Amino acid sequence: ACQGDPMFSSVLRKVFTERCSDSRSLPFVTTHISSDDLIAEDGDSEQKPSESIKLMMWLEIQCYFELWGITPVQRRRDHAISITHKFLLPGPPPMSTNENGYPDNGTSPMFGVRSAMPEDIVSNIEANIRDAEKPVPRTLFQELQDHLENSLCGACFASFFLSAESAKMRAFLRNTAPFLSIPFDQLFEALVQGDINAINYFHYITLYLLSDDGRRGEGISASLFIRRYLDQNIEAASALLLRDDGGTSDQTGQSKNDDAETKSQVCKSLMNAYEHLWENFLAPGGGVLDQHGHSNECQDVLKEARELLLSAVGHSSSNCEGNSGAIAVVKTEEDICRALI
């Protein structure tokens, strides 16, 4: 029935996606699938990857798909390369030589499953990865993920619903809210626009993160502050400078006073935004982004963001007169903060 009935197969794939995307039910599915793993007699895992390895690969691809919309372009490529090196393609050669004194040809994938996957699909992925001129698409692994779903949604997953793990899962989920799969990039854009439903949903996510780990939500909070508050103040100050550059000299005294008051308010808001960004997120020893657990890349970006912010604010002082260059520097700093987050 799993293979011969298209309607049943379609329903099974839909349920599989939902159960594996819900972090509450995934552990039960994983436990059942791992208990059904068959180890090849010859020990050749590349020829016969276990169901657990295929599920792990599916989850990696799903993570790539969900994060693509909020990931910088270069990091999308890095993420895709890490997946291929983990499952399909040899990794880059290490900085060492073999016993004969020649450079190594590269490291084997951690889970070599290429021979068990359709060669045309893997070749297309490899061609996309190697073409550095073209950005990697969100659908890079779509065909491979479809193949994995067809493979996983067979007798093993169907038997899950009759297993003890399924009974445990149902008991665990009883009287809980139904699972909703909401693309994070769409949620993020709705938050920036101030959609009340998105804000309420995000409050739920934030509380969950804070209850799970007190320092996991800081990147999201900083990113939202930049997009919702700092962006608006930068645009207002930039518009004010452009208006001054193209203004006329025949203004009345009242209009000049009004303009001066407007400029003062805009610049004060901008400086307050940068003070908040520094004190709450970037400041060494006090900002929530100042953590020892960051990678070297993140530490370098954080250092550059601090230097640019201090430079820009130092030029801005108490007003915006003649500071179009400082605004440009601050705009660059804002982009770096996004990359850090």
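The values are calculated or read from the model by the stated rules, or taken from the named source; none is laboratory data. Since this is a predicted model, take the numbers as computed values, not measurements. Note: ideal-geometry Cβ built from the backbone for every residue, glycine included; neighbour counts use all protein chains shown. The accessibility values were calculated without ligands, DNA or RNA, using every heavy atom of the protein model including side chains. Shrake-Rupley method; radii C 1.70, N 1.55, O 1.52, S 1.80 Å.
Just give me the residues in segment 143-161 being without any contact (Cβ under 8 Å) to a residue 40 or more places away in the chain, assigned to a helix (DSSP H, G or I) and surrounded by 14 or more Cβ atoms within 10 Å (Cβ to Cβ), in sequence order.
Filtering segment 143-161 for residues without any contact (Cβ under 8 Å) to a residue 40 or more places away in the chain gives 143, 146-147, 161.
Next cut, assigned to a helix (DSSP H, G or I) only: 143, 146-147.
Passing the criteria: E143, H147.
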Taking G214, is it outside any helix (DSSP H, G or I), farther than 28 Å from I182 by Cα, open to solvent by less than 70 Å² (accessible area, probe 1.4 Å) and modelled with pLDDT under 70?
no
Are any residues in segment 162-181 more than 30 Å from M117 (Cα to Cα), open to solvent by 50 Å² or more (accessible area, probe 1.4 Å) and either modelled with pLDDT of 85 or more or more than 28 Å from the chain's Cα centre (by Cα) (or both), and if so, which ones?
A164, K168, R170, A171, F172, R174, N175
Mind checking which residues of segment 255-297 are at pLDDT 75 or above, open to solvent by less than 50 Å² (accessible area, probe 1.4 Å), part of a helix (DSSP H, G or I) and not charged (D, E, K, R)?
V266, C267, S269, L270, M271, A273, Y274, L277, F281, L282
Where P137 falls short, out of the listed (1) modelled with pLDDT under 90; (2) in a loop (DSSP other than H, G, I, E, B)
(1)
When both residues are 6+ apart or on different chains and their Cβ atoms are under 8 Å apart, which pairs have a first residue that lies in segment 61-88 and is more than 25 Å from S108 (Cα to Cα) and hydrophobic (A, V, I, L, M, F, W, C), and a second that is open to solvent by less than 50 Å² (accessible area, probe 1.4 Å) and part of a helix (DSSP H, G or I)?
L67/H79; W68/R76; W68/D185; I70/D185; I70/F188
Tell me whether segment 85-107 contains one or more residues that are modelled with pLDDT of 85 or more and open to solvent by 70 Å² or more (accessible area, probe 1.4 Å).
no
